[in-house]
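Working notes, structure below.
The values are calculated or read from the model by the stated rules, or taken from the named source; none is laboratory data. Keep in mind the model is a prediction, meaning the values are calculated, not measured. As a convention, Cβ positions derive from the backbone with ideal geometry for all residues, glycine included, and neighbour counts pool all protein chains shown.
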Amino acid sequence: MDKHRDDYNSEKRRKAFHLFGLIIPLGYLFFPSEPQAKAMLVAGMIVAIFVDIFRLAEPRLRGFAHSLIGAIMRPHEKTNLLGSTSLLIASVMTVFIFPKPIAVAALSLLVAGDTAAALVGKRFGRVKMFGRKTLEGTLGFVAAGIVLNEAVSLAASDLSLATVVVGALVGALVEAVPFPIDDNFAIPIISGVAMSLTRILQA
């Protein structure tokens, strides 16, 4: 029980930090200049990649980074790019591939949906799916994705409820299935394609 509680507490710390990633889609949505917002994202990505590569190459910096954020790092991040760097790379790809409303929804799914799936799955998960995820976590992903993106759509976007629901369902499926591609890339790209197709069918 203590081990389970420790794992859940560690996951809460990771996902609390992960939620700060919502500043990317929401900032992109409300920033007055889309080209400038894209340029800022690209600049942030380049800086993050440079710092991450330097961290991996320099033992002293690697030790310093571990002392600061080691408690919320996953094991593979100690020898590979951080999840935050992957998020920035995925964000740049997404905003250049899709129109703004789709990009914002896809990135919101990545941050909010993934966070809900992890926390709900670890806390309440009982029914296993694909040997690694839980039905409860997947439903948490869908619920969080629909609520957030519908709120954003009502406030400043033009996505239909059907588009939001399709995006959340597809994103949740991608998160649950053992894809060979990192979730940071698979979720926004595949859910973005699904939402784009839904908009076309509704036109």
Given the conditions (1) more than 28 Å from PHE96 (Cα to Cα); (2) free of Cβ contacts under 8 Å to residues at least 60 places away in the same chain, which single one is not true for VAL51?
(1)
ALA156 of a type in the set (A, V, I, L, M, F, W, C), modelled with pLDDT under 95 and surrounded by fewer than 18 Cβ atoms within 10 Å (Cβ to Cβ)
yes
Of these, LEU26, LEU19, LEU41, LEU56, which one is more than 18 Å from the chain's Cα centre (by Cα) and either at pLDDT below 95 or within 22 Å of LYS100 (Cβ to Cβ) (or both)?
LEU56
Please find, among ILE89, ILE102, ILE53, ILE69, the residue that is within 23 Å of GLY167 (Cβ to Cβ) and out of contact with any Gly (no Cβ under 7 Å at 6 or more places or on another chain).
ILE89
Restricting to region 178-203, count the residues that are outside any helix (DSSP H, G or I) and either among the charged types (D, E, K, R) or surrounded by 14 or more Cβ atoms within 10 Å (Cβ to Cβ) (or both).
2
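Condition check ((1) under 14 Å from VAL177 (Cα atoms); (2) out of contact with any Phe, Trp or Tyr (no Cβ under 7 Å at 6 or more places or on another chain); (3) at pLDDT 90 or above; (4) of a type outside the set (Asp, Glu)) across all residues:
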residue	(1), (2), (3), (4)
PRO99	no, yes, yes, yes
ALA105	no, yes, yes, yes
ALA112	no, yes, yes, yes
ALA116	no, no, yes, yes
PHE124	no, yes, no, yes
LEU135	yes, yes, yes, yes
LEU139	yes, yes, yes, yes
